[in-house]
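Beneath this line is the structure, given in C-alpha cells, with notes to follow.
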Amino acid sequence: LWKNVNEHSEVLVIFQGPNAYISPNYYPTKHETGKAVPTWNYISVHVKGTISYISDDNWKMAMLHKLTDQHEVEQLKPWSIDDAPKSYIDKMLSAIVGLEIHIGSIQGKWKISQNQPAINQQGVISGLTECADGKVKDMVAFIKSQLKS
C-alpha cells in the first residue's frame with residue numbers, strides 16, 4: 001500500500017461486519033403471496049480520511065502488542081511477541097510499515113431485514129439459526145436487537 005498510495009492521500013477504508021444471504025424461503029409472507037426475492041443482509045462502516053505511514057519501531061511494537069493481546073486473549077496459552085527470539089522479531093519489524101487514517105468522515109450502513117414485517121424478521125432469524133454457517137450468529141443477534149414489536 002505504501003508503495004502505491006502517497007502519504008496524506010485521501011482514502012476510503014471499508015470495515016465489513018456480519019453478512020448473510022437471505023433466502024425468500026425464510027419469509028412466511030412468501031408462502032402467502034409469492035412476492036419475495038433473495039437478498040443479502042450486511043453491516044459495514046466506511047471511513048474516509050487521509051493516510052499516514054509510520055516507520056517508528058516503538059510505535060509499531062506497541063501496536064503489535066495491542067493486536068496480539070487482543071487476538072490471543074481466548075487462547076488457552078496466549079502467544080506473546082516475547083515468545084519469539086528478539087532477533088527474529090526485529091527482522092520482522094523492519095518489514096512492517098504502520099499506517100494511520102486521520103478520519104474526515106464515518107458512515108455506517110446496515111441492511112438487517114429492518115424493512116420486513118416482524119413475521120418475516122422472525123423467519124429470517126429461524127432460517128439463519130438453522131443454517132450450518134456459524135458466521136451468521138452475529139447477524140442473527142443484530143436482527144434480534146432491532147426486531148419490530
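The values are calculated or read from the model by the stated rules, or taken from the named source; none is laboratory data. Given the structure is predicted, the values throughout are model-derived calculations rather than measurements. Counting neighbours? That spans all protein chains shown, and the Cβs are built from the backbone with ideal geometry, glycine included. Just so you know, the surface numbers come from the protein's heavy atoms only, side chains and all, with ligands and any DNA or RNA stripped out. Shrake-Rupley method; radii C 1.70, N 1.55, O 1.52, S 1.80 Å.
General remarks:
- Scanning segment 67-90 for residues that are open to solvent by 100 Å² or more (accessible area, probe 1.4 Å), of a type in the set (D, E, K, R) and over 24 Å from the mean Cα position of the chain (by Cα) yields a count of 3.
- Test: residue in segment 91-106 that is under 30 Å from Tyr21 (Cβ atoms) and surrounded by 10 or more Cβ atoms within 10 Å (Cβ to Cβ): yes
- Qualifying positions in segment 52-66 - among the aliphatic types (A, V, I, L, M) and more than 21 Å from the chain's Cα centre (by Cα): Ile54, Met61, Ala62
- Residue count for segment 41-57, restricted to those that are under 30 Å from Lys137 (Cβ atoms) and of a type in the set (Ser, Thr, Tyr): 2.
- Residues in segment 45-54 that are open to solvent by 40 Å² or more (accessible area, probe 1.4 Å) and either at pLDDT below 95 or of a type in the set (A, V, I, L, M) (or both): 1 in all.
- With respect to being assigned to a helix (DSSP H, G or I) and open to solvent by 80 Å² or more (accessible area, probe 1.4 Å), Lys60 falls outside the description.
- When the residues of segment 1-20 are filtered to those that are of a type in the set (D, E, K, R) and modelled with pLDDT of 95 or more, the one that is farthest from Ile54 (Cα to Cα) is Glu10.
- The conditions of being surrounded by fewer than 14 Cβ atoms within 10 Å (Cβ to Cβ), of a type in the set (Lys, Arg) and either under 25 Å from the mean Cα position of the chain (by Cα) or part of a loop (DSSP other than H, G, I, E, B) (or both) are met by Lys35.
- Segment 5-26 residues that are of a type in the set (Asp, Glu), paired with ones that are open to solvent by less than 40 Å² (accessible area, probe 1.4 Å) (beta carbon under 9 Å, 6 or more apart): Glu7/Ile51; Glu7/Ser52; Glu10/Gly49; Glu10/Ile51
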